[in-house]
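Written out below as structure tokens is the structure these notes cover.
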Amino acid sequence: MCLAKPLRPQYDGGIVVNPELKDGLKGWTTFGDGKVEHGQSSHDGNNYIIASKRHQPFHSFTQKFDLDKDKLYTFSAWLQVSDGNADIAAVFKTQNSYETAGWVTAQKGCWSMLKGGIVVNDSGPADLFFLQHLLATIYTRRVEIHQQQSIEKVRKRRVKLQAVDQHGRPIANATVSIKQRRPNFPLGCAINQNILRNSAYQNWWSSRFKYTVFENELKWYSNERSRGSEDYSVSDALVQFARSRGVAIRGHNVFWNDPRYQPSWVGGLSTNDLWGAANKRIYSVVGRYKGQLFHWDVVNENLHYNFFESKLGYNASTVFYQKANQIDSRTTPFLNESAIDTLATAKLPIWVTELDVSAGPNQANYLEQILWELHSHYAVQGIILWAAWSPQGCYRMCLTDNNFRNLATGNVVDKVRGQWGQADGVQGTTDSEGLFEASLYHGEYEAKISHPKTKQIF
């Protein structure tokens, strides 16, 4: 919505001083450098503030407010630019942070409404200012700071080593070298039957991943296309391939609660026959791979859909989970669903098991942002990329071309694999008390300590 004349302030301006600018610049001052002026339209009498001669995106105008912790403040403003269009954010600078109240794409020649709100973490003064251009930059900076703080808390641990001689005396200026042998945070990728007959695919994939899930090969409609005729030949081969390379396998899935993805013969079964077929399915597939998988998606998408509940009763999923646990109690049963923050409230382990990003010019950038956001989320314990390769094209996201040269998305994966650990190691020297301290990602490490005065390496 872009209007020739802005509407009157909501709530009569609330706590804003001089909200309609009838008193010139009263209550408003310059934020940063630049020039701030009061203006008035000659044809409709509309008052406005002009920010010109700006040298930085945040150079604008400001007003100071006293805000209370945990209160929700709604915010709105009408904005216009002198040429073209531009993204503009309303930002509150508090004592400890920058809080974005909202943003809008403002245009030349008409007024666009920016509407949003904020909640501050601490009571105290806050300066409102407006940010034009580089909107993504301020968001990115704020997100990255939050992510790094979270990662330091949930993915890393400060480790302190002390070098001492045979008499227990500290050794100063000793060289410490710490190298990660195995990272603790799992990052895997889906595979499908195409990997079984393509050595180039096998080599590219195996050099990167130690966790996997099969794209379709363990689903009911793949294992029992016609009633009573089971075929596990492809899934058996994939299990053998993964286990021969020390790769942990997620089982996906015993059942799928979406009616569209049942074996073609299931839909017409009576209640008793469906119970019989479901029991046979769960005992067959879970029993067959007992002890070979580390996760099982027992019922897929049973918050979105309810095929089995509609046919077998409200507790159908409960029964399936109980039976899966009875058959293979060592494999963790999973609810495969979305809504990460909601699921996190259950305080149970969360894996993101089907991560992909739709094709587009920003696919790789979005993938990298999502990976970092998930890695910084305290509840996420692992990520599986849904990027199984097929010569006809991947489901939604490929990591390589058909010659197994990295695409931009593959480069992102390689980049974060290196960043989520200490692949290059950590080096340093001990202080006067023989101490060396470092912040390390969770994982298995090898540490070596040496000193020029001794040939020994510890």
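The values are calculated or read from the model by the stated rules, or taken from the named source; none is laboratory data. In this text, all values refer to a predicted model and were calculated from it rather than measured experimentally. Don't worry about glycine lacking a Cβ; one is built from the backbone with ideal geometry, like all the others, and counts go over all protein chains shown.
Before moving on, here are some points about what is shown:
- Looking only at residues in region 72-111 that are touching a strand residue (DSSP E or B) at 6+ places or on another chain (Cβ under 9 Å) and of a type in the set (Ser, Thr, Tyr), the one that is farthest from ILE15 (Cα to Cα) is SER82.
- ARG330 vs. criteria loosely packed, with under 14 Cβ neighbours inside 10 Å, touching a Gly at 6+ places or on another chain (Cβ under 9 Å) and either touching a residue at least 24 places away in the same chain (Cβ under 8 Å) or within 20 Å of VAL299 (Cα to Cα) (or both): yes
Okay, residues lined up against (1) in contact with a Cys (Cβ under 6 Å, 6 or more places away or on another chain); (2) in the same structural domain as GLY434 (by TED's automatic domain parsing); (3) among the aromatic types (Phe, Trp, Tyr); (4) under 20 Å from ALA237 (Cβ atoms):
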{"residue": "ARG157", "(1), (2), (3), (4)": "no, yes, no, no"}
{"residue": "GLN162", "(1), (2), (3), (4)": "no, yes, no, no"}
{"residue": "GLN166", "(1), (2), (3), (4)": "no, yes, no, no"}
{"residue": "ILE171", "(1), (2), (3), (4)": "no, yes, no, no"}
{"residue": "SER177", "(1), (2), (3), (4)": "no, yes, no, no"}
{"residue": "LEU187", "(1), (2), (3), (4)": "no, no, no, no"}
{"residue": "ARG197", "(1), (2), (3), (4)": "no, no, no, yes"}
{"residue": "TRP204", "(1), (2), (3), (4)": "no, no, yes, yes"}
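- Candidates ASP44, ASP70, ASP66, filtered to the one that is charged (D, E, K, R), assigned to a loop (DSSP other than H, G, I, E, B) and under 22 Å from GLU99 (Cβ atoms): ASP70
- If you go through region 335-358 and keep only what is touching a residue at least 40 places away in the same chain (Cβ under 8 Å), closer than 30 Å to LYS280 by Cβ and not hydroxyl-bearing (Ser, Thr, Tyr), you end up with ASN336, TRP351, GLU354.
- Considering residues of region 159-171 that are part of a loop (DSSP other than H, G, I, E, B) and surrounded by 14 or more Cβ atoms within 10 Å (Cβ to Cβ) only, the residue modelled with the lowest pLDDT: ASP165
- Scanning region 1-27 for residues that are at pLDDT below 85 and either in a loop (DSSP other than H, G, I, E, B) or touching a helix residue (DSSP H, G or I) at 6+ places or on another chain (Cβ under 6 Å) (or both) yields one hit, MET1.
- Exactly one residue out of THR100, THR30 is under 19 Å from ASP127 (Cα atoms), of a type in the set (S, T, N, Q), over 37 Å from the mean Cα position of the chain (by Cα) and modelled with pLDDT under 90: that is THR30.
- A count restricted to region 405-432 and to residues that are in a strand (DSSP E or B) and outside the structural domain of ALA163 (by TED's automatic domain parsing) stands at 1.
- Filtered residues of region 386-412 (kept if touching a Phe, Trp or Tyr at 6+ places or on another chain (Cβ under 9 Å), surrounded by 14 or more Cβ atoms within 10 Å (Cβ to Cβ) and within 12 Å of LEU367 (Cβ to Cβ)): TRP386, ALA387, MET397, CYS398, LEU399, GLY410
- Of ASN18, ASN46, all but one fail to be without any contact (Cβ under 8 Å) to a residue 12 or more places away in the chain and touching a Phe, Trp or Tyr at 6+ places or on another chain (Cβ under 9 Å); the exception is ASN18.
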